[in-house]
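I have placed the structure first, in the form of structure tokens, so that the comments after it can refer back to it.
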Amino acid sequence: MTIPRVTLAWDALVDVDVVGPGPLHERLTRALRQAIRDGRLPPGAALPPSRTLAANLGCSRWVVTQAYGQLVAEGYLTARTGSATRVRELEPTSTSGTPRVGAPAAPGAGGTGARPGSLPPRPERTFRLDFAPGLPDLRAFPRRRWVEAVRSQLATLPYTELGYPPEGGCARFRWVLADYLRRCRGAQVDGDDVTCCAGVADGVARLARCLREAGIRRIAVEDPGWTRLRQTLERVGLETVGVPVDDRGIRVDELVRLDVRAVLVTPAHQFPTGVVLAPERRTALLTWAREVDGLVLEDDYDAEFRYDRRPVGTLQGTDPERVALFGSLSKTLSPAVGLGWMVTPPRWTRALRASEVGQTQPSVLQQLAFAHFVETGGYDRHLRSVRQRYRHRRDALVAALRTRLPECAIAGVAAGLHIVLHLPPAASAATVVKNAADAGVRVADLDTYRIHPDPTSPGLVLGYGNLPDSAVDEAVRLLAMAVHRATGP
């Protein structure tokens, strides 16, 4: 299906092909995003009113407003009440002369599957009810389909594939994953720049070594953020510098004051605050990276799980020359799979390949099983199933908290596998954690993830991914008792 060219008084031209898989509003979003990247919709161009474009498409106005809203959230468009929706004003073009949101003037940036820092150190004691963040529903692991995927690969795998994998990982895994990231996360990637790794921590550590070899000694991190991921960077030899996070994401105005050329961010769903990086900050972040000849390390954390709308696309898709994208299966399947990836700009891909001699890779069979799982549609079906499960569980948790702890504020967008519960100022989060542990409930203190603890803003991070639905009410009841004991009558 092709949208007819529409000439408007303000000379905005739209001629994009929206064929492909998925609902029409998703296809329109992809088509408009690509038209902006290609320069067919230039900076400042006014898009047709939603009613006009819907009439030309022969679809409902809702389809167009959904597409426009998604691209506003991703920073490609700007919208103001009473004014046209326009392509965001861009910085200078890429080397090919094609405008791109936040694009630099020239190319070049100049563990395990379990998420590190997801929990405080695990005590020896066991907990009857566990609000641990960082785990998916382990009961939902698609055992039968995964066994079928492994069996299929063992039965058909050429013997030549049983040797050592090539640098970066198996070609089939890398190209299947590249297609998935283009289709579902709006990334700009091909298999050549995909590197298979054991998880996000492993990938970040490997790229951090390359940064250090290139003369980059300091890296900015979100504060609060993943504690053990920050520690991973420090073990590699980089000095970490905290940058505050507010309700619009990382404070880019604070970042630009620092003497750093690299930053680690979680823009799709920040951990632990649960906020989404605002469109203007996405643009500002990429502008900063261009101006300092730097690199943004994008942890695509919890991106698959957004319950109130489509998740925003990746920063990497906006500027693949300045952003390295990281992901893993630790949240979507299980940390036990031990499989992750990174998508890097060509300069950094070459550096990674040069440093990979002797680097242990995840199992070839795991890589190929996942590729098969994606190709046959099993991965998409699994995500649809668990996304619905997590949405209902989050709704039940939020309702229970509002009933039993109305004095506590719940923070974060409807996404991911955790929420933040802000306690009354007089409460001690550490005391609540201890009281809850005494009752057999494990919770995490928000201060665990802060570089500098803040007793004036006590809070808890509550993970619900692996909490059984039947246990939600009881867990909240015991947690409420722990909070009330800490705050007194």
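The values are calculated or read from the model by the stated rules, or taken from the named source; none is laboratory data. This is a predicted model, so every value here is computed, not measured. For neighbour counting, all protein chains shown are included, and Cβ atoms are generated from backbone atoms with ideal geometry for every residue, glycine included. Just the protein is used for accessible areas: all its heavy atoms, side chains included, with ligands, DNA and RNA removed. Shrake-Rupley method; radii C 1.70, N 1.55, O 1.52, S 1.80 Å.
Numbers below:
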item	result
Restricting the stretch 177-223 to residues that are among the acidic types (Asp, Glu) and in contact with a Gly (Cβ under 7 Å, 6 or more places away or on another chain), the residue that is surrounded by the fewest Cβ atoms within 10 Å (Cβ to Cβ)	223
Verdict on residue 226 being of a type in the set (Phe, Trp, Tyr) and open to solvent by 70 Å² or more (accessible area, probe 1.4 Å)	no
Matching option when the condition is of a type in the set (A, V, I, L, M, F, W, C), within 18 Å of residue 319 (Cβ to Cβ) and either part of a loop (DSSP other than H, G, I, E, B) or under 17 Å from the mean Cα position of the chain (by Cα) (or both), among 207, 277	277
Flag for residue 485 being modelled with pLDDT of 95 or more and of a type in the set (D, E, K, R)	no
Matching residues, the stretch 229-240, being over 21 Å from the mean Cα position of the chain (by Cα), on the phi < 0 side of the Ramachandran plot and open to solvent by 10 Å² or more (accessible area, probe 1.4 Å)	234, 235, 236, 239
Cross-chain or 6+ apart pairs with Cβ under 8 Å, the stretch 46-73 first and under 20 Å from residue 308 (Cβ atoms), then part of a loop (DSSP other than H, G, I, E, B) and open to solvent by less than 10 Å² (accessible area, probe 1.4 Å)	68/47; 70/312; 70/313; 73/312
Subset tally (residues that are surrounded by 24 or more Cβ atoms within 10 Å (Cβ to Cβ), touching an Asp or Glu at 6+ places or on another chain (Cβ under 7 Å) and farther than 20 Å from residue 134 by Cα) for the stretch 250-279	1
Enumerated helices (runs of 4 or more DSSP H) restricted to the stretch 48-160, each holding at least 3 residues that are modelled with pLDDT under 85 and farther than 25 Å from residue 202 by Cβ	50-57
Hits in the stretch 125-157 (condition: buried (at least 16 other Cβ atoms within 10 Å of the Cβ) and either under 12 Å from residue 369 (Cβ atoms) or acidic (Asp, Glu) (or both))	130, 137, 142, 145, 146, 148, 149, 150, 153
Counted residues, the stretch 46-62 - those being more than 19 Å from residue 86 (Cβ to Cβ) and open to solvent by 20 Å² or more (accessible area, probe 1.4 Å)	5
Check on residue 478, in contact with a Gly (Cβ under 8 Å, 6 or more places away or on another chain), surrounded by fewer than 22 Cβ atoms within 10 Å (Cβ to Cβ) and part of a helix (DSSP H, G or I)	yes
Pairs, first polar (S, T, N, Q) in the stretch 464-477, second surrounded by 15 or more Cβ atoms within 10 Å (Cβ to Cβ), C-beta under 8 Å, six or more apart	466/130; 466/132; 466/135; 466/136; 466/137
Of residues in the stretch 375-417 being part of a loop (DSSP other than H, G, I, E, B) and at negative phi, the one surrounded by the fewest Cβ atoms within 10 Å (Cβ to Cβ)	406
Search result, residues across the stretch 210-238 that are closer than 25 Å to residue 311 by Cβ and assigned to a loop (DSSP other than H, G, I, E, B)	224, 225, 226
The stretch 430-462, subset farther than 16 Å from residue 223 by Cα and in contact with a helix residue (DSSP H, G or I) (Cβ under 6 Å, 6 or more places away or on another chain), residue surrounded by the most Cβ atoms within 10 Å (Cβ to Cβ)	443
Output for the stretch 439-475, where each listed residue is among the acidic types (Asp, Glu) and in a loop (DSSP other than H, G, I, E, B)	454
